[in-house]
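S.K.: Pasting a structure here, questions to come.
The values are calculated or read from the model by the stated rules, or taken from the named source; none is laboratory data. These figures come from a predicted structure and were not determined experimentally. All Cβ positions, glycine included, derive from the backbone under ideal geometry; neighbour counts span all protein chains shown. Heavy atoms of the whole protein, side chains included, go into the accessibility calculation; ligands, DNA and RNA do not. Shrake-Rupley method; radii C 1.70, N 1.55, O 1.52, S 1.80 Å.
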Amino acid sequence: MIEEKLHEYDDARITTAIEASDHLDTVRRHLARLLGPPEPSPFTLTFAGHERHTGEAPTSFVVNAMNLDAAGRILAGLPSWHEWYLADAGTPDGQGADIIYLPEQSHPGLPTRGEYVDLRSAQVATAPPATGITRTAHARPTVPGASSPPHPAPASLAARTSH
């Protein structure tokens, strides 16, 4: 009789082992998230270009970062930011940018009202692949904290989102 039940016992043992493995994998992922470094969160950076002379609202950009300074560095490296800069903030005579960083309107989180350019998906698309290879850091323009904006290049307003 024991040999007759051996097949059922083996099936039950395998099923239990698979369920335990799945559960342990879930627990491992949760522990890694809790014990690992914090995940980047949304930050809003606001700039006023030449549109401020006509009474239009400034442009807010949202990126994921660990802090406001990192958000500025990330924003400065995004191609869509450079597109916006060239299209909307550059002066017609090409003598520099007519852009002002607005630290009082730059903050952690999403804007609570108005429109903003959500660059988080562009940020993911331009992120370097995780190869495990360490790359040396290149000097990047510093951003927020002072009154100077990142040294840019423009951004597509197609990602503009309204509340």
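S.K.: Here are 113, 28: which of them is among the basic types (Lys, Arg) and touching a His at 6+ places or on another chain (Cβ under 7 Å)?
M.R.: On inspection, the qualifying residue turns out to be 113.
S.K.: Just checking, how many residues over region 54-64 are free of Cβ contacts under 8 Å to residues at least 24 places away in the same chain and not polar (S, T, N, Q)?
M.R.: 2
S.K.: Hey, could you check region 115-131 for residues that are among the charged types (D, E, K, R) and assigned to a strand (DSSP E or B) and say which is modelled with the highest pLDDT?
M.R.: 118
S.K.: Condition test on residue 112, is it over 22 Å from residue 125 (Cβ atoms), part of a loop (DSSP other than H, G, I, E, B) and at pLDDT 85 or above?
M.R.: When the stated conditions are applied, residue 112 passes them.
S.K.: Residues 152, 141: which one is modelled with pLDDT under 50, open to solvent by less than 60 Å² (accessible area, probe 1.4 Å), more than 17 Å from residue 42 (Cβ to Cβ) and in contact with a Lys or Arg (Cβ under 9 Å, 6 or more places away or on another chain)?
M.R.: Among 152, 141, only 141 is modelled with pLDDT under 50, open to solvent by less than 60 Å² (accessible area, probe 1.4 Å), more than 17 Å from residue 42 (Cβ to Cβ) and in contact with a Lys or Arg (Cβ under 9 Å, 6 or more places away or on another chain).
S.K.: Something else now. Search region 65-82 for residues that are farther than 15 Å from residue 109 by Cα and pair each with any residue that is at pLDDT 95 or above and open to solvent by 10 Å² or more (accessible area, probe 1.4 Å) when their beta-carbon atoms are under 8 Å apart and the residues are at least 6 apart or on different chains.
M.R.: From region 65-82, the pairs are 74/64.
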